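S.K.: This is the structure I have questions about; it appears just below.
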Amino acid sequence: MRQVAGAVLTASRVAASQVTGGGTADPVAARSQMGFSLGWHIILACLGVGMPALVLLAEWRGWRTGDPWYQLLARRWAKALGVLFAVGAVSGTVLSFEMGVLWAGLMDNYGSVIGLPFAIEGFAFFIEAIFLGIYLYGWDRLPPKVHLLSGVPIVVAGIASAFFVVTANAWMNSPTGFTIVNGRLTGVDPWAAMFNRATGPEATHLILAAFMVTGFAMASVYAVAMLRGRTDRYHRLGLLIPLTFGAIMTPIQIVVGDWATRSVATDQPLKLAAMEGLNTSGRHVPESIGGYFSGGQLHWALKIPDGLSLLLHLSPSGYVTGLQSAPADDRPSLVTVVHLAFDTMVGLGVGLLLLGAWLALAWWRHRQPPRSVWFLRATAVSGVAAVVAMESGWIVTEVGRQPWIVYGVLRVADAVNPAPGLDWGLVAVVAVYAVLSVVTVYVLRRLARSRPVPEAPQESDVTGYKVV
Amino acid sequence: VATTLLALMWASVTVYALLAGADFGAGAWDLLSGRTGPGARRRALIEHAIGPVWEANHVWLIFVLVLMWTAFPPLFAAVSSTLYIPLTLVALGVIARGSAFAFRKAVTELWQQRIFGAAFAFSSLVTPFFLGALAGGVASGRVPPGLARGSVVTSWLNPTSVLSGALAVMTGMYLAAVYLTADARRSGQPDLAAEFRRRALGAGVLTGLLAVAGLVVVRADAPRLYAGLTGRALPLVVLSGAAGVASLVLLVARRYLLVRVTAALAVATVLWGWGVAQYPHLLSGAGGLTVAQAAAGPATLQATTISVGVGVVLLVPSLAWLFLLFQRSGHQPPAER
């Protein structure tokens, strides 16, 4: 988790240092701080969106079948969800402060255009927090059916708040819903801004990513335990439920990812050019994998002839726009970072697809998961892989939009708070988050390990069994 | 429409001060609960009281922020760019407080609970101070319109800010003590109820004295605010004083539920007194910024009003259920602990 955030930090710092712009503003510190705190929060946000569905699934199965293992899993997961949600809620609050503390110029000019989804998201988050309080603290006060139902709003509101927040990011990529006449903002239509052309693909892509991160991350916890020899029913279920969930989402995500890429190709051709490391526009463009970009060329990449043209236009002579089509000041500067992040995301996505296929094949033939220890090993790393894939996708969309904060409308350097001393804020935030990361991981590990699972629980043992 | 949204925003500020302010205060009492052994029951009462609700209470702050940047973007930009230092400190305090509270419940060993408890309690003291300090900066007219036009230091390190920071801390502790008194009685712990009653009386008297002293400070440091408070907002200021005195009387008379109302009224009237004193100026300093100047366009205001209306319809029953569920049932340890 920290390594990823560290990589994000480095990437965004380098990105920021290459942003050209005047004024006394400090976009380097601001971009680093935003990249760091958002990259950190996004992991918890994904778990907050995905986990409630799995907790409810386990509780529902436990209620219907009376199987105590499901009930125990549901309680354990709910406990972890409580901790993760709290940390996610406060790290999300920091982001809303940073909207003004760092990006006062953006909010000053465009707050009226893009504030609305945040206001709606505020309500969704509110509903989520309320029902999470009811769900967690009402477990033994409410009848089972009511308790189960009280969890449904958490799932719905979690997905809704992810949707609304991503609409704001989609607007930064595909700004609509306003016109600028003589430097003044007019004709503001916040609904049009919210439902811009990037909203559909981007929001779907992120919500599915949240499901995948949750599924694979939770499965990997139990895979590690099983590799250490704890192969009882509790751990098998703990691995299978989230892994199946993640495996179902993966092929859908790959189709949606294709949709998202096409949308980028249409609306942000320069970002696509950076993703592919493509300098010159043209037809018969190859698909390039790997390599590094320098001096207007992609070196050492594996090229598949006509690949990109085929992927985007289903025709080998399809036309693709290259970086050179724009003036140097308007091009993303960190092409290598964007290109490799994109390849990392796609590569890991395919890897996770194969893991899911392995599970599906074994289930289809033997009605049980693969017995190979390599399956457990692959599952054990799948959580980290899903998180890295998600962060890579986020690097693609953010670093690939440079030098713009609002594509083609507002530059990062013009959006930043001009106050002196912002870099100290960066230092403080990095220090606090470093401590927070260590402590969060430590507490979650204690939650996972504390109180050994009873050997052969009778129903009464389990219902009387308090989780931590 | 802009004024309606402003009133809604100010109402959210008020609810945040009354609910989350008390959560901060409860954290401060946690700090003053004494050594581990004797303090355990006090800490348990505090944790039981704020555990299920603090996250929901905290959302009011986010709500204020999003309403402000949507409906009054220049206000949000001016305040957050000039006052970025206390805002960053508040953000860090919010992080430390929320996560430490969650972590303390998740760990079982005493030394860990002590560390997290200390982090929780300390940030409960610091965070409202900086929130109050930045409110003082805005109220005393030290935040000019525009991006980072004010001093990034003296805008929140000045007499009015120090005063309002201290007042924010004391108010939270006072409200928390008042709420906890009733909670302790309901959960069948009369000795704790008596203790928190004493604390509520002490904190109430101190807060009242601080508020009166504050008027003197404001008169010297922020004459424009003083003129408003003693002019148009005078009825609210008087009402606040009356409610404060009534609360002390009710505490002495052990009317714990009624005192919740008057104590909350005493705090709310201070906030609305400030609002009325300053209206229609959102930023009262040099140049100033009025509601009309800061408001977003009609399409945005309309969309925001509709969204808020729909949101409130969903929110009110949910909130009512949350509070009823945990106020009705007695002192029964939550299940997943």
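The values are calculated or read from the model by the stated rules, or taken from the named source; none is laboratory data. All figures in this text were calculated on a predicted structure; none of them were measured in a lab. Here Cβ is always computed from backbone atoms with ideal geometry, including for glycine, and neighbour counts include all displayed protein chains.
S.K.: Taking the options A:53, A:58, name whichever one is assigned to a helix (DSSP H, G or I), modelled with pLDDT of 90 or more, surrounded by 24 or more Cβ atoms within 10 Å (Cβ to Cβ) and more than 9 Å from every other protein chain (Cβ to nearest Cβ).
M.R.: Only one candidate passes the filter, namely A:58.
One line per residue, one yes/no per condition, for (1) under 27 Å from residue B:167 (Cα atoms); (2) at pLDDT below 85:
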| residue | (1), (2) |
| --- | --- |
| B:235 | yes, no |
| B:258 | yes, no |
| B:267 | yes, no |
| B:285 | yes, yes |
| B:289 | yes, no |
| B:317 | no, no |
| B:320 | no, no |
| B:326 | no, yes |
| B:333 | no, yes |
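S.K.: Let me ask something else about it. Does residue B:250 satisfy the criteria of being modelled with pLDDT of 90 or more, out of contact with any Phe, Trp or Tyr (no Cβ under 7 Å at 6 or more places or on another chain) and under 26 Å from residue B:193 (Cβ atoms)?
M.R.: Numbers: modelled with pLDDT of 90 or more: yes; out of contact with any Phe, Trp or Tyr (no Cβ under 7 Å at 6 or more places or on another chain): yes; under 26 Å from residue B:193 (Cβ atoms): yes.
Spelling it out, residue B:250 is indeed modelled with pLDDT of 90 or more, out of contact with any Phe, Trp or Tyr (no Cβ under 7 Å at 6 or more places or on another chain) and under 26 Å from residue B:193 (Cβ atoms).
S.K.: Shifting gears a bit: Looking at A:142, A:136, A:116, can you tell me which residue is within 24 Å of the chain's Cα centre (by Cα) and within 11 Å of chain B (Cβ to nearest Cβ)?
M.R.: A:116
S.K.: If you scan region B:91-100, which residues turn out to be touching a residue at least 40 places away in the same chain (Cβ under 8 Å) and more than 7 Å from chain A (Cβ to nearest Cβ)?
M.R.: Once the filter is applied, which keeps residues that are touching a residue at least 40 places away in the same chain (Cβ under 8 Å) and more than 7 Å from chain A (Cβ to nearest Cβ), region B:91-100 yields only B:97.
S.K.: Next up: Got a sec? Which of B:12, B:33 is in a loop (DSSP other than H, G, I, E, B) and of a type in the set (Ser, Thr, Tyr)?
M.R.: Answer to the selection: B:33.
S.K.: All but one of (1) hydrophobic (A, V, I, L, M, F, W, C); (2) modelled with pLDDT of 95 or more; (3) surrounded by fewer than 23 Cβ atoms within 10 Å (Cβ to Cβ) hold for residue A:148; state the number of the condition that does not hold.
M.R.: Failed condition: (2).
S.K.: May I ask you to say which residue of B:157, B:75 is in contact with a strand residue (DSSP E or B) (Cβ under 6 Å, 6 or more places away or on another chain) and under 30 Å from residue B:210 (Cα atoms)? Outline the logic, then answer.
M.R.: Working: B:157 fails: in contact with a strand residue (DSSP E or B) (Cβ under 6 Å, 6 or more places away or on another chain).
None of the others qualify; the one that does is B:75.
S.K.: A further question on this structure: Kindly indicate the residue of region A:250-292 that is out of contact with any Leu (no Cβ under 9 Å at 6 or more places or on another chain) and hydrophobic (A, V, I, L, M, F, W, C) and also surrounded by the most Cβ atoms within 10 Å (Cβ to Cβ) among those meeting that condition.
M.R.: Checked region A:250-292; the qualifying residue surrounded by the most Cβ atoms within 10 Å (Cβ to Cβ) is A:275.
S.K.: Among the candidates B:300, B:269, B:230, single out the residue that is polar (S, T, N, Q) and surrounded by fewer than 17 Cβ atoms within 10 Å (Cβ to Cβ).
M.R.: Of B:300, B:269, B:230, the one residue that is polar (S, T, N, Q) and surrounded by fewer than 17 Cβ atoms within 10 Å (Cβ to Cβ) is B:230.
S.K.: Moving on to the next point. For residue A:91, indicate whether it is more than 26 Å from residue B:317 (Cβ to Cβ), in contact (Cβ under 8 Å) with a residue 24 or more places away in the chain and touching a His at 6+ places or on another chain (Cβ under 8 Å).
M.R.: Here the answer is yes, as residue A:91 does meet what is asked.
S.K.: Something else now. Going by the structure shown, is residue B:285 more than 10 Å from every other protein chain (Cβ to nearest Cβ), closer than 27 Å to residue A:110 by Cβ, touching a Gly at 6+ places or on another chain (Cβ under 7 Å) and not polar (S, T, N, Q)?
M.R.: Yes.
S.K.: If only one of A:430, A:381, A:441, A:453 is surrounded by fewer than 19 Cβ atoms within 10 Å (Cβ to Cβ), modelled with pLDDT of 85 or more, more than 9 Å from chain B (Cβ to nearest Cβ) and within 21 Å of residue A:82 (Cβ to Cβ), which one is it?
M.R.: Result of the check over A:430, A:381, A:441, A:453: A:441.
S.K.: Turning to a different aspect of this structure: Test residue A:250 against the criterion of being at pLDDT 95 or above and under 21 Å from the mean Cα position of the chain (by Cα), and give yes or no.
M.R.: Criteria met by residue A:250.
S.K.: Here is a follow-up. Exactly one condition in (1) within 14 Å of chain A (Cβ to nearest Cβ); (2) in a helix (DSSP H, G or I); (3) touching a helix residue (DSSP H, G or I) at 6+ places or on another chain (Cβ under 7 Å) is not met by residue B:306; state its number.
M.R.: All conditions pass for residue B:306, except number (3).
S.K.: Condition first: in contact (Cβ under 8 Å) with a residue 12 or more places away in the chain, among the polar types (S, T, N, Q) and facing chain A (nearest Cβ under 7 Å). Now tell me which residues in region B:43-81 satisfy that. Quick ask: steps written out before the conclusion?
M.R.: Taking region B:43-81 and keeping what is in contact (Cβ under 8 Å) with a residue 12 or more places away in the chain, we get B:43, B:45-58, B:60-61, B:63-64, B:67-68, B:70-75, B:77-79, B:81.
Of the ones still in play, those that are also among the polar types (S, T, N, Q) are B:57, B:70, B:81.
Matches in region B:43-81: B:70, B:81.
S.K.: Those residues that are buried (at least 21 other Cβ atoms within 10 Å of the Cβ) and small (Gly, Ala, Ser), I need them from region B:13-57; list them, please.
M.R.: Matches in region B:13-57: B:17, B:20, B:21, B:22, B:25, B:26, B:27, B:28, B:49, B:56.
S.K.: Which residue is modelled with the lowest pLDDT, if the candidates are limited to region A:305-339 and must be in contact with a Phe, Trp or Tyr (Cβ under 8 Å, 6 or more places away or on another chain) and crowded, with 21+ Cβ neighbours inside 10 Å?
M.R.: Per the stated criteria, the residue is A:309.
S.K.: For the structure I just gave you, tell me whether residue B:152 is of a type outside the set (D, E, K, R) and either touching a residue at least 60 places away in the same chain (Cβ under 8 Å) or buried (at least 24 other Cβ atoms within 10 Å of the Cβ) (or both).
M.R.: Judged against the criteria, residue B:152 is a match.
S.K.: I'm trying to understand the selection: among the residues of region B:103-152, which are in a helix (DSSP H, G or I), more than 10 Å from chain A (Cβ to nearest Cβ) and of a type outside the set (A, V, I, L, M, F, W, C)?
M.R.: First, pick out the residues of region B:103-152 that are in a helix (DSSP H, G or I): B:103-106, B:110-139.
Going one step further and asking which of them are more than 10 Å from chain A (Cβ to nearest Cβ), we end up with B:110-111, B:113-114, B:117-118, B:120-139.
Within region B:103-152, B:113, B:114, B:117, B:123, B:124, B:127, B:128, B:132, B:136, B:137 qualify.
S.K.: When you go through B:35, B:42 one by one, which is the residue that is basic (Lys, Arg) and in contact with a Phe, Trp or Tyr (Cβ under 8 Å, 6 or more places away or on another chain)?
M.R.: B:42
S.K.: Residue A:91 - would you say it is under 16 Å from residue A:429 (Cβ atoms) and either more than 13 Å from every other protein chain (Cβ to nearest Cβ) or surrounded by 23 or more Cβ atoms within 10 Å (Cβ to Cβ) (or both)?
M.R.: Values: under 16 Å from residue A:429 (Cβ atoms): yes; either more than 13 Å from every other protein chain (Cβ to nearest Cβ) or surrounded by 23 or more Cβ atoms within 10 Å (Cβ to Cβ) (or both): yes.
Against the criterion (under 16 Å from residue A:429 (Cβ atoms) and either more than 13 Å from every other protein chain (Cβ to nearest Cβ) or surrounded by 23 or more Cβ atoms within 10 Å (Cβ to Cβ) (or both)), residue A:91 qualifies.
S.K.: Identify the single condition in (1) in contact with a Phe, Trp or Tyr (Cβ under 8 Å, 6 or more places away or on another chain); (2) more than 7 Å from every other protein chain (Cβ to nearest Cβ) that residue A:122 does not satisfy, given that it satisfies every other one.
M.R.: Of everything listed in (1) in contact with a Phe, Trp or Tyr (Cβ under 8 Å, 6 or more places away or on another chain); (2) more than 7 Å from every other protein chain (Cβ to nearest Cβ), residue A:122 misses just condition (2).
S.K.: Let me ask something else about it. Consider residue A:228 carefully, then state whether it is touching a Pro at 6+ places or on another chain (Cβ under 8 Å) and among the basic types (Lys, Arg).
M.R.: No; evaluated as a whole, the condition is false for this residue.
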